[in-house]
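Everything on this sheet refers to the single structure shown next.
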Amino acid sequence: MKRLFYILGVLLCSVTTAQAGIDEAINSATAPIASFIGQVVFFKIPIFGAQLPVVVLWLVVGAVFFTFYMGFINLRGFKHAIELVRGDYADPNSHGEVSHFQALATAVSGTVGIGNIGGVAVAVTVGGPGATFWLILAGFLGMSTKFVECTLGVKYRNEFEDGHVSGGPMYYLRQGFSERGMEGFGKFMGTFYAIGIFIGALGIGNMFQSNQAYVQLNSVSGGALDGLGWLVGLILAAVVFSVIIGGIKSIARVTEKIVPFMAIFYCLFAIIVILMNAHTLPQAISNIFNGAFTGEGVAGGALGAMIIGFQRAVFSNEAGIGSASIAHSAVRTDEPITEGIVSLLEPFIDTIVICTITALVIGTAQVAAPDFAGDAQGVAMTSAAFEREFSWFPIPLAFAALLFAFSTMISWSYYGLKGWTYLFGESDRGQTIYKLIFCAFVALGCVVQLGPILDISDALVFLICVPNILGLYFLAPIVKREMNSYFARIKSGEIKKFK
Amino acid sequence: MANKILVALDGSDGSKRALSAAAQHARLTDSDLVLAYVIDWSPYSFHTPQELEERHKRRESEIQRANDSVLNPELAALQAEGIKVETVVHHGKIAETLLELGDQQGVSQIYIGRRGESRMHTMIFGSVSAALVQTSSVPVTVVP
């Protein structure tokens, strides 16, 4: 272990001696790769003057289908989800096991990340205010997809002999298809997904996060970190390294405890900022609705706004990507449906609450001063919107962004690891290799430009929703049967509240 | 039916003194003993995915440890004396869980050792024995 720290130290020193132009060199080397992957995955169909990426269509059709097929479980299950999280149905005999609340909190801190602060700004910049409407709608529909994938994650999880459990799409794809007599296809799909989540973890859950954390740090320090991306990257990588390889659990534990409070703190101040701009709120809201259906000034009009909104929503709440299903699999319950119902709350918290609040902060600022952000994009744009009211806000926001990024990276390092162990087995040596690769990408994320990073992350993450959603279609009847039986037993009083 | 007395154990010296006082009480009144070990735990805490994965395993080993190193050694000696003893290990908020266990077992008395935490510690984390005294529906004996 010590030796690894030395290697990092030596790397740090040797890089210092040759700092000039490093950022640029790495950037120009990765940009073409990124745009190539982006083009392949985001194959676009031109319709009515807009460019519709096939994957976005794939996700939306899936979400709409599951919403109808499950009879609007996203509305019906909402109250029950809150009862479950509150522990009303918790069996006192399972004291000390993972609770619904804990599984939800862990999954939420994996999804609440830079996307909620920076991704929304990207959506509004590219898709206009109307993108927000589609973002919220996508969050609502995504609740149904999450329900299906998290139920399956628990139902088909793997319990190892030493008592640890792991599950996720790779396991339900393999077992689910094999139960339907398609063993070979199931194996292929499981492997496809595992490769996707392992590589995708390096993008959405890694480079995008560290990149935006660096951008925000640089902008609050007044550009003092210009060209020092590699240094920030190495420091971030070292901290991630110390948690996931060094096993310094205290850092992870502290982060997991602070993140929920940061999220509340963020929402609270966002609401204050919105209220301070209350006179522009009606205009901002009407811009959202008008923009959603007219798409004024947006490439591709209303359809363009819709595509951008959907794309950012999925990027933020991860519905259809299957990552949360990995986090939820740890709950020991006899009713997999309960985990699915609890997971409904994730897109709600992530997209419908937090993203909407961010969108309104930006929207009200745009109405008051259309050019408030200058050239700033992503997190920097959101930060500028806050800065109009509280000049000191960018500093705590940078801190929050750093923490969100960090907790998302920790969660995603785990998701990626599960893909890796599915492929290469549970050996400790293999796991260490994966973790080292993960840390290297953290550092890389701070060096390259936002554009290529977004392309790579989006592309890789959307790629894994292909096997996942295909599997969900096949396995949805199983979920529906369990859901109906569960609600029938609630109604008949067979499943009782303990509180 | 004999009276039941609940004793809160955590392996500390204070809890051992509480046990010897409770055992004396049991001998004199011919009561049964319930030895309870509560592991501090909240279902509303935050964890990393790695910790969730290992939770079940950790829970088993926590229960095992409580039984092996704290409850079972006492159990043998008391049973040799002819006192009827039960043991229970439970996760939860300590004071609250002790009261629930007492209710379930129908105990008529609770014994707990005083931890003697500093004033600062008590101010921040509260005192288990004080919380018990305040909320219990049966007599509580706090042994110094």
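Before moving on, here are some points about what is shown:
- Only helical runs count toward this figure. For the protein assembly as shown, summing -39,500 (n - 2.57) over DSSP H runs of n ≥ 4 and dividing by all residues gives -21500 deg cm²/dmol at 222 nm.
- Computed on the Cα trace of segment B:4-143, the radius of gyration divided by the Kirkwood hydrodynamic radius gives Rg/Rh = 0.99.
- Ordered by the number of other Cβ atoms lying within 10 Å of each residue's own Cβ, fewest first, A:Tyr171, A:Tyr69, B:Tyr44 fall into the sequence B:Tyr44, A:Tyr69, A:Tyr171.
- Karplus-derived HN-Hα couplings along segment A:82-88 (A = 6.51, B = -1.76, C = 1.60, θ = phi - 60°), whole Hz, x at Gly and Pro: 5, 4, 5, 5, 5, x, 4
- Close amide-amide hydrogen proximity is noted between B:Val34 and B:Ile5, B:Leu6, B:Val7, B:Glu86, each under 5 Å apart and 5 or more residues distant or on a separate chain (H modeled in the peptide plane; Pro and chain starts excluded).
- Ellipsoid semi-axes for segment A:279-338, based on the Cα gyration tensor and the rule √(5λ), read 37, 15, 9 Å when sorted largest first.
- Each of B:Trp41, A:Trp420 has some number of other Cβ atoms within 10 Å of its Cβ, and from fewest to most they run B:Trp41, A:Trp420.
- Taking the fewest neighbouring Cβ atoms within 10 Å as the starting point, the ordered list for A:Cys439, A:Cys267 is A:Cys267, A:Cys439.
- Kirkwood hydrodynamic radius of segment A:164-241, from inverse mean 1/r over distinct Cα pairs, in Å: 15.2
- Cα centroids of segment B:12-53 and segment A:212-285: 41 Å apart.
- What separates the Cα centres of segment A:168-194 and segment A:351-370 is a distance of 41 Å.
- Chain A, relative contact order in percent, only Cα pairs under 8 angstrom and at least six apart counted: 34
- Farthest positive-ward along the protein assembly as shown dipole, Cα basis, beta-carbon charges - from B:Val88, B:Ser69, A:Phe393: B:Val88
- Restricting attention to segment B:4-143, close to 0% of DSSP beta bridges with both partner residues there are antiparallel.
- Of the peptides A:351-363, A:370-382, the ranking by mean beta-carbon count within 10 Å, highest at the top, reads A:351-363, A:370-382.
- Rg to Rh, two decimals, where segment A:102-167 supplies the alpha carbon set and Rh follows Kirkwood: 1.14
- Here the 3J(HN,Hα) profile of segment A:361-373, calculated from phi with Karplus coefficients 6.51, -1.76 and 1.60 at θ = phi - 60°, is 4, 5, x, 5, 5, 5, 5, 5, 8, x, 9, 4, 9 Hz, Gly and Pro shown as x.
- Dimensions of the protein assembly as shown along the principal axes, based on C-alpha atoms and rounded to the nearest Å, stand at 90, 60, 56, largest first.
- Cβ-placed point charges (K, R +1; D, E -1), dipole of segment A:26-492 about Cα centre in debye, nearest 20: 500
Bear in mind these aren't lab numbers, they're just calculated from the coordinates by the rules spelled out. Source: prediction; values computed, not measured. Neighbour counts are summed over all protein chains in view; Cβ atoms, including those assigned to glycine, are modelled from backbone coordinates with ideal geometry.
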